[in-house]
Amino acid sequence: MRRLTPEQQAKVDGWLFEEQLSHAEVSERCLSELGVRLNKSGVGRYCRQEQGLRARRKMSLGSGYVALMEGMNEAALRALERVEIGNDPKTLAEYARVLVAARQEANHALRATTTREKFEFDAATACLVHQVRVQSIVEDEALDDGQRIMKIREELFGPDLPE
């Protein structure tokens, strides 16, 4: 793929990832439309390499787990488009089960992230509201570190906390 200009490479990417043409079809279009001879195995290697780069880029942008699950979901949908299910409801049900499980996992991960962010926001808000009292606890030399932490915890979150 080194022989392609950036514009040509963008066309090839469009054929592979938007139009989802086969490697053979991309190879044929490269010759007929771009005047560049690429064999289908070279297109296949490029496609796998680019998919890996795109997945890593996507994972680095957000929650790795959620991005991974979304990538798996997209891959399953692409595979489903290429598979001839015909009149086999069992196969269709298996694909649907996998897709539903992937979506549930992504939702659980998102819910956990949101819960953590809410807790962190609430803790920061409590620190700000109780700043003066927390500072006096920190400065109390009669307390050791463990006692300070327990008193600050009680100040911020109330007296009825589990140990």
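What Kirkwood radius, in Å to one decimal, follows from the Cα pairs of region 99-163? Present the calculation step by step, with values, prior to reporting the outcome.
On the way: mean 1/r = 0.0710 Å⁻¹.
It is 14.1 Å.
Ranked from highest to lowest mean number of other Cβ atoms within 10 Å per residue, what is the order of the peptides 35-41, 148-154? Mind dumping the intermediate values first?
On the way: 35-41: 13.0, 148-154: 14.6.
Final packing ranking: 148-154, 35-41.
Taking θ as phi - 60°, what are the ³J(HN,Hα) couplings along region 92-97 by the Karplus curve (6.51, -1.76, 1.60), each to the nearest whole Hz, with x for Gly and Pro?
4, 5, 5, 4, 4, 4
Could you sort 115, 91 by their accessible area in this structure, using a 1.4 Å probe and putting the largest first? Working shown, then result.
Values: 115 90, 91 45 Å².
The most accessible residue leads, giving 115, 91.
The values are calculated or read from the model by the stated rules, or taken from the named source; none is laboratory data. Computed from a predicted model, the values in this text were never measured in an experiment. Note that we place each Cβ from the backbone using ideal geometry, even for glycine, and neighbour counts take in every protein chain shown. Note: areas computed on protein heavy atoms with side chains; ligands, DNA, RNA excluded. Shrake-Rupley method; radii C 1.70, N 1.55, O 1.52, S 1.80 Å.
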